[in-house]
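The block underneath contains the structure these notes are about, expressed in C-alpha cells.
Nothing in this text is a laboratory measurement; each read-out follows from the coordinates by a stated rule. All of these numbers come straight from a predicted model, not from anything done at the bench. Ideal geometry is used to build each Cβ from the backbone, glycine not excepted, and the neighbour counts take in all protein chains shown.
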Amino acid sequence: MNISRRHFNAAIAAAGLSTTTTPGFADAPKPAPLRVISYNVLVCRGWPKTRRLAKLAVKKGQMADRLALELALHDPDVVNFSESPSEAITQAVAEKLGMHHVRFPSGGNWPGMLLSRFPIAHSQNAPLGGPRPKDLFTRHWGRAELQTSDGAPLIVHSAHLFPGADPAVRLKEIRTMLASMKSDFDAGRSMLLIGDLNHGPDTDEYKLWIDAGWIDTFAAVGEGEGLTFTADNPRYRIDYVMAAGPIAQRITESRPLLEGAFRVDSQDPESFALSDHIPQLAVFGDKP
C-alpha cells in the first residue's frame, strides 16, 4: 500500500526516531494533523446526472476511481459519506484509499459510510439503546470509535438529518442524538460530528448543537460563507464537521473544497461534478 510522506513522518515520530542528525535532545515530535472530510456523494452517480459525460462515467464503472482519486488529493484520515452508493462501490473507494470502513444502514434509502485510516474499534448504527423510531433517522446516523495513533479513542458520529423547510423532525433527531452523546460529553472524550445536517447556521437546529457544546469548525476558523450546496452555484451551508472535547482545541483549518471534480464548471455544458454537494474539510493539528 502506498503511504504518504506525512504518514511516514508520523510513523517515524511515533517510533521515537528522528529524520535529522541534529545532536542533542530534539523537541517532542508534534502529532501529524488529522484531516477530516464530510461529503454527501449523491449515490456516486455524478451531477447533473443527465450530463452525457456523467452518464458515461457511471456506465464505464469509473465513479469509484474518480471519487477515490479526488479525495486522495486532500490526504484524508477520516471521510464521511452521506447518500452512499452500493456497498461494492464504497468498499472499492475504501480499498483505493487504504482505509478501514463501516456502513450505517438507512431507515430509508440513504445509507451512510465512514472511512478511517485508523482502526475502527467499535461501531453502532443509530445508537438509541432501542428500536429506531420510524419517523426519525430515515437518512442515517451511526457512531464509531476510532483507535488513533496516540492511543486515545476518537468518537465519530456520522449523520444525515431529515431534509425540508420544516425543522420539526430534525429537532427531534438532534435532541435524541444529544441524549445519546451525554456520557461521552461527561467523560470529556474527543468527538466529531460529520455529515449533511440539512440546516444552516442561523437555525434552531444549529443552536441546539452549539448550546450542547459542539464547536462548528468552519465558524471557528473558516473564511467567507462556507457554502456547500449546490456544486454549480453554492448557496447553502448544510454540510459540517463539528468537534467537541480536547480535539476541539486543535482546529486549524476548515473550508469547503471548491475545486477540481467537486465543482461544476458553469461555462462548460459537458461539465459534471462528483455530487451536488461540496465536501467540507476540517484539519486538526497543533496550533502555533
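For the reader, a short list of remarks on this structure follows.
- Furthest towards positive pole of dipole, A159, G107, G129, structure part the chain, Cβ charges: G107
- Prolate/oblate/rounded label for the range 161-288 (Cα gyration tensor, a/c 1.5): oblate
- Each part gets one Cα centre, and for the range 113-134 versus the range 269-288 those centres are 24 Å apart.
- Dipole of the chain, positive end: most advanced residue of V283, A244, A144 [Cβ charges, Cα centre]: A144
- Cβ-placed point charges (K, R +1; D, E -1), dipole of the range 35-284 about Cα centre in debye, nearest 20: 740
- Computed per residue of the chain from DSSP H runs no shorter than four, each worth -39500 (n - 2.57), the mean residue ellipticity at 222 nm is -7500 deg cm²/dmol.
- Relative to the compact-globule estimate of 2.2 N^0.38 Å, the Cα radius of gyration of the range 75-164 comes out at 1.08.
- Count Lys and Arg as plus one, Asp and Glu as minus one, and take only other residues whose Cβ is under 12 Å from that of R66; the net charge is then +1.
- In terms of packing, defined here as the mean over residues of other Cβ atoms within 10 angstrom, the peptides 126-133, 98-105, 246-253 line up highest first as 98-105, 246-253, 126-133.
- Structure note, pairs K172/K207; K134/K207; K49/K134; K49/K172: Cα-Cα distances above 21 angstrom occur for K134/K207; K49/K134; K49/K172.
- Mean Cα-pair separation over length for the range 35-284, i.e. relative contact order, pairs under 8 Å, 6 or more apart, %: 22
- Residue-count net charge about Q280 - beta-carbon cut-off 10 Å; Lys, Arg +1, Asp, Glu -1: 0
- Counting charges near G112 (Lys, Arg +1; Asp, Glu -1) among other residues having Cβ under 14 Å from its Cβ returns a value of -1.
- By the count of other C-beta atoms within 10 Å, a proxy for reagent exposure, S266, S149 are ordered fewest to most as S266, S149.
- For the chain, the spread of Cα positions along each principal axis, largest first, Å: 62, 44, 36
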